[in-house]
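Student: The structure under discussion is supplied below as structure tokens; questions concerning it will follow.
The values are calculated or read from the model by the stated rules, or taken from the named source; none is laboratory data. All of these numbers come straight from a predicted model, not from anything done at the bench. Cβ placement follows ideal geometry from the backbone for every residue including glycine, while neighbour counts extend to all protein chains displayed.
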Amino acid sequence: MKILVPVKRVIDYNVKPRVKADGTGVDLANVKMSMNPFDEIAVEEALRIKEAGKAEEVVAVSVGPAKAQETLRTALAMGADRAILVQTDDEVEPLAVAKILKAIVEAETPGLVILGKQAIDDDSNQTGQMLAALLGRPQGTFANTVEVDGDSVIVKREIDGGLETVKLTMPAIVTTDLRLNEPRYASLPNIMKAKSKPLDTKTPADYGVDTAPRLKTLKVAEPPVRQAGVKVADVDELVAKIKALGIA
Amino acid sequence: MKTLVLVEHDNASVKDATLSTVTAAAKLGEVHLLVAGSGCAAVADEAAKIAGVGKVHLADDAAYEHQLAENVAPLVASLMESHDAFLAPATTTGKNIAPRVAAQLDVMQISDIIGIEGDKTFTRPIYAGNAIATVESSDTKLVITVRGTAFDKAAAEGGSGTVEAVSGPGDAGTSSFVGSEIAKSERPELTSAKVIVSGGRALKDADTFKEYIFPLADKLGAGVGASRAAVDAGYVPNDFQVGQTGKIVAPEVYIAIGISGAIQHLAGMKDSKTIIAINKDEDAPIFQVADIGLVADLFKAVPELTEKL
Ligand SMILES: Cc1cc2nc3c(=O)[nH]c(=O)nc-3n(C[C@H](O)[C@H](O)[C@H](O)COP(=O)(O)OP(=O)(O)OC[C@H]3O[C@@H](n4cnc5c(N)ncnc54)[C@H](O)[C@@H]3O)c2cc1C
Ligand SMILES: Nc1ncnc2c1ncn2[C@@H]1O[C@H](COP(=O)(O)O)[C@@H](O)[C@H]1O
């Protein structure tokens with residue numbers, strides 16, 4: 001079995017995003033970029049399934065600018081076997097990403113596609129579900145544990161009330177939640193080795209996908225800022241404040 | 001515009017998240033509901049009473065019992081032939097189903113809206129709420145998830161909708177429900193609690209969390225939340241997590257205890273009316289958003305506070 005892992009290059013989660021003065025977006029010039037944290041979890045899970053002898057190959061794919069190569073090299077350094085960059089300088093929405101991934105799935109026929117549940121830049125939380133719909137395959141979103149069992153995969157999901165377990169017939173789509181695993185760091189020798197692993201470059205046109213956006217961004221603005229309030233000296237003063245709020 | 005709202009329920013009653021989604025839908029046009037479940041006729045009757053609701057589509061079938069996205073999405077897609085917009089609450093159920101519907105209809109979903117500026121124009125937070133985007137859809141049908149804290153709840157009573165049975169393609173045969181672990185709690189649900197007490201990494205372990213946070217919450221009749229660090233370390237279950245990638249809350253009062261205030265945490269609670277923070281580090285970022293701050297060791301301050309309230 002082959003596992004496909006889509007990874008997105010996003011602003012590093014430690015950086016506080018700044019809105020551009022002209023209101024057209026978020027300033028990404030000279031900002032540290034990294035692999036979307038949920039995608040690191042996805043790569044890690046794919047590697048663990050391979051290491052358990054249940055998969056033979058892990059293929060990482062990214063849709064984005066030439067620089068997304070770095071993100072793919074990170075996946076390769078973690079242990080992925082090869083990578084595909086679908087290169088474009090346009091911003092590609094989840095629907096179009098899902099269409100590109102669908103074409104790749106049809107060519108590569110993986111048993112599992114493991115994505116992040118959410119990209120921390122657009123906060124869309126859509127791509128995996130859309131890919132599953134386009135392929136007519138089942139989905140295990142917000143995965144807390146993933147267990148491959150013959151031609152099924154059992155996914156425990158993090159839901160609003162707790163946890164839910166579903167059984168999916170493979171091929172299936174999984175999206176990762178935070179508790180699925182703790183991703184490994186790439187070792188220096190593996191970073192060196194990753195440089196010679198195969199990385200194919202394609203374009204959206206190669207897959208016949210039109211990436212024209214369906215949503216037009218009219219404006220990007222700062223959210224209202226909260227002002228810091230007062231500090232109280234001790235618990236008694238806090239008790240008085242809480243009582244004044246009328247909740248106790 | 002004719003809208004179709006996904007009713008969030010457990011086959012027994014309507015969940016609160018539905019009500020704010022109805023408010024958002026009513027801003028767009030006529031409101032129809034979909035109750036997909038099994039043995040859920042009572043849910044449809046309850047839903048028909050929500051103020052402003054027209055038709056309630058009831059799909060009562062074993063295939064919809066656990067609202068598996070593989071089965072529900074094709075049902076919604078077929079109903080969308082006679083509706084212009086599909087709205088679901090931005091809960092784990094809504095987030096699981098709506099994008100599948102969007103892809104089936106070949107439209108780009110608008111996730112987690114917080115405002116409606118026009119028939120096709122919406123505002124939504126991006127980058128953990130550090131920016132608010134105004135987006136206009138060019139699709140002919142709309143698929144939307146709605147952030148519950150951004151819209152008032154529609155009145156649960158006063159409507160006079162009519163219930164109409166519908167059927168869909170049924171079981172797609174690719175997935176099945178195995179089981180669930182849903183903790184029952186006497187405390188208010190996070191997303192509808194008026195007061196929330198949240199604990200962070202500083203609470204050390206599950207027992208300490210229980211010992212310090214729960215009595216204070218009980219005193220205030222509050223819901224209990226947590227930071228990701230507290231959940232990852234196993235102090236409390238995953239459904240306690242507040243934040244960018246957990247639950248979004250906006251109670252009257254949010255009390256953050258031993259939580260530093262990382263942007264991912266703030267994304268989930270900074271719309272609370274009053275924020276109170278207890279942290280021993282006076283430079284903790286949480287104090288930049290707190291209305292009332294106490295710099296103190298929580299292990300001393302929290303028991304004293306609980307006792308004096
Ligand atoms: C992809 C991604 C998604 C994330 N999503 C979320 C999310 O949804 N929600 C979320 O919360 N986080 C999320 N995070 C994690 C976030 O970045 C922070 O790591 C996390 O919020 C920190 O939790 P904390 O404040 O409890 O712990 P810490 O940052 O370790 O803070 C502990 C605080 O406790 C204080 N303290 C220690 N001892 C005491 C004491 N005795 N008395 C009083 N104060 C004390 C310290 O001064 C400190 O400020 C996410 C991260 C990533 C990468
Ligand atoms: N441009 C992209 N390239 C590769 N994977 C992507 C891309 N956009 C989204 N994904 C995948 O889809 C997941 C969810 O993204 P989103 O739907 O944008 O929140 C991410 O965690 C990635 O696994």
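Student: Select, from A:ALA77, A:ALA60, A:ALA55, the only residue that is at pLDDT 95 or above and in a helix (DSSP H, G or I). Quick ask: steps written out before the conclusion?
Tutor: Numbers: A:ALA60 fails: in a helix (DSSP H, G or I); A:ALA55 fails: in a helix (DSSP H, G or I).
So the residue among A:ALA77, A:ALA60, A:ALA55 that is at pLDDT 95 or above and in a helix (DSSP H, G or I) is A:ALA77.
Student: Right, here's the next one. For region A:119-143, give me each residue that is within 15 Å of ligand 1 (Cβ to nearest atom), assigned to a strand (DSSP E or B) and more than 7 Å from chain B (Cβ to nearest Cβ). Give the derivation first.
Tutor: To start, the set of residues in region A:119-143 that are within 15 Å of ligand 1 (Cβ to nearest atom) comprises A:119-125, A:142-143.
Filter once more, keeping what is assigned to a strand (DSSP E or B): A:142-143.
Listed by number, the list holds a single entry, A:ALA143.
Student: Can you name the residue in region A:40-87 that is within 16 Å of ligand 1 (Cβ to nearest atom) and not charged (D, E, K, R) and is also nearest to the other protein chains (Cβ to nearest Cβ) among such residues? Outline the logic, then answer.
Tutor: Filtering region A:40-87 for residues within 16 Å of ligand 1 (Cβ to nearest atom) gives A:40-45, A:71, A:74.
So of that shortlist, the ones also not charged (D, E, K, R) come out as A:41-43, A:71, A:74.
Details: A:ILE41: 11, A:ALA42: 14, A:VAL43: 18, A:THR71: 18, A:THR74: 21 Å.
It comes out as A:ILE41.
Student: Something else about it: For region B:261-279, which residues satisfy the criterion of being over 16 Å from B:ILE213 (Cβ atoms), more than 8 Å from chain A (Cβ to nearest Cβ) and within 9 Å of ligand 1 (Cβ to nearest atom)? Give the derivation first.
Tutor: So in region B:261-279, the residues over 16 Å from B:ILE213 (Cβ atoms) come out as B:261-264, B:266-268, B:270-275.
Keeping just the survivors that are more than 8 Å from chain A (Cβ to nearest Cβ) gives B:261-262, B:266-268, B:271-273.
B:GLY261, B:ALA262, B:LEU266, B:ALA267, B:GLY268 - these are the residues of region B:261-279 that are over 16 Å from B:ILE213 (Cβ atoms), more than 8 Å from chain A (Cβ to nearest Cβ) and within 9 Å of ligand 1 (Cβ to nearest atom).
Student: Just to check your reading of the model, which residue among A:ILE100, A:ILE104 is closer than 30 Å to B:SER137 by Cβ, within 9 Å of ligand 2 (Cβ to nearest atom) and β-branched (Val, Ile, Thr)? It would help to see each step written out before you state the result.
Tutor: On the way: A:ILE104 fails: within 9 Å of ligand 2 (Cβ to nearest atom).
Result: A:ILE100 is the single residue among A:ILE100, A:ILE104 that is closer than 30 Å to B:SER137 by Cβ, within 9 Å of ligand 2 (Cβ to nearest atom) and β-branched (Val, Ile, Thr).
Student: A follow-up question, please. If I go through region B:173-211 residue by residue, how many of them are part of a helix (DSSP H, G or I) and within 11 Å of another protein chain (Cβ to nearest Cβ)?
Tutor: Filtering region B:173-211 down to residues part of a helix (DSSP H, G or I) leaves B:190-192, B:201-203, B:206-211.
Checking the rest, the ones that are also within 11 Å of another protein chain (Cβ to nearest Cβ) come to B:190-191.
Looking only at that region, the number is 2.
Student: Look at region A:1-39 and say how many of its residues are among the charged types (D, E, K, R) and more than 16 Å from ligand 1 (Cβ to nearest atom).
Tutor: First, the residues of region A:1-39 that are among the charged types (D, E, K, R): A:2, A:8-9, A:12, A:16, A:18, A:20, A:22, A:27, A:32, A:39.
Filter once more, keeping what is more than 16 Å from ligand 1 (Cβ to nearest atom): A:2, A:18, A:20, A:22, A:27.
Of the residues in that region, 5 qualify.
Student: So B:ILE248 ticks every box in (1) within 16 Å of ligand 2 (Cβ to nearest atom); (2) aliphatic (A, V, I, L, M); (3) free of Cβ contacts under 8 Å to residues at least 40 places away in the same chain but one. Which box is left unticked?
Tutor: That leaves (3) as the condition not met.
Student: Oh, and also: Does A:ASP236 meet the test of being within 12 Å of chain B (Cβ to nearest Cβ) and out of contact with any Phe, Trp or Tyr (no Cβ under 7 Å at 6 or more places or on another chain)?
Tutor: Values: within 12 Å of chain B (Cβ to nearest Cβ): yes; out of contact with any Phe, Trp or Tyr (no Cβ under 7 Å at 6 or more places or on another chain): yes.
Answer is yes for this residue.
Per-residue answers, yes or no, for (1) assigned to a strand (DSSP E or B); (2) more than 11 Å from chain A (Cβ to nearest Cβ); (3) out of contact with any helix residue (DSSP H, G or I) (no Cβ under 6 Å at 6 or more places or on another chain):
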position: B:PRO125; (1), (2), (3): yes, no, yes
position: B:VAL135; (1), (2), (3): yes, no, yes
position: B:THR140; (1), (2), (3): no, no, yes
position: B:THR145; (1), (2), (3): yes, no, no
position: B:GLY158; (1), (2), (3): no, yes, yes
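Student: Just to verify a result, which residue in region B:74-123, among those that are among the acidic types (Asp, Glu) and within 9 Å of another protein chain (Cβ to nearest Cβ), is nearest to B:VAL242 (Cα to Cα)? Let's see the steps before the verdict.
Tutor: The initial filter retains those residues of region B:74-123 that are among the acidic types (Asp, Glu), namely B:81, B:84, B:106, B:112, B:117, B:119.
Still in the running and within 9 Å of another protein chain (Cβ to nearest Cβ): B:106, B:112, B:117.
On the way: B:ASP106: 32, B:ASP112: 16, B:GLU117: 28 Å.
Among them, the one singled out is B:ASP112.
Student: Cβ-Cβ under 6 Å, sequence separation 6+ or interchain: first residue in region B:289-302 and free of Cβ contacts under 8 Å to residues at least 40 places away in the same chain, partner hydroxyl-bearing (Ser, Thr, Tyr). Which pairs?
Tutor: B:ASP291/B:THR274
Student: Restricting to region A:104-118, give me the number of residues that are of a type in the set (Gly, Ala, Ser) and either away from chain B (no Cβ under 14 Å) or within 16 Å of ligand 1 (Cβ to nearest atom) (or both). So that I can check it myself, show each step before the final result.
Tutor: Let us first name the residues in region A:104-118 that are of a type in the set (Gly, Ala, Ser), namely A:107, A:111, A:116.
From what is left, the residues that are either away from chain B (no Cβ under 14 Å) or within 16 Å of ligand 1 (Cβ to nearest atom) (or both) are A:107, A:116.
Summing the residues that are of a type in the set (Gly, Ala, Ser) and either away from chain B (no Cβ under 14 Å) or within 16 Å of ligand 1 (Cβ to nearest atom) (or both) in region A:104-118 gives 2.
Student: Here are the criteria: (1) touching a helix residue (DSSP H, G or I) at 6+ places or on another chain (Cβ under 7 Å); (2) not in a loop (DSSP other than H, G, I, E, B). Tell me which single one B:VAL236 does not satisfy.
Tutor: So B:VAL236 meets the others, but not (2).
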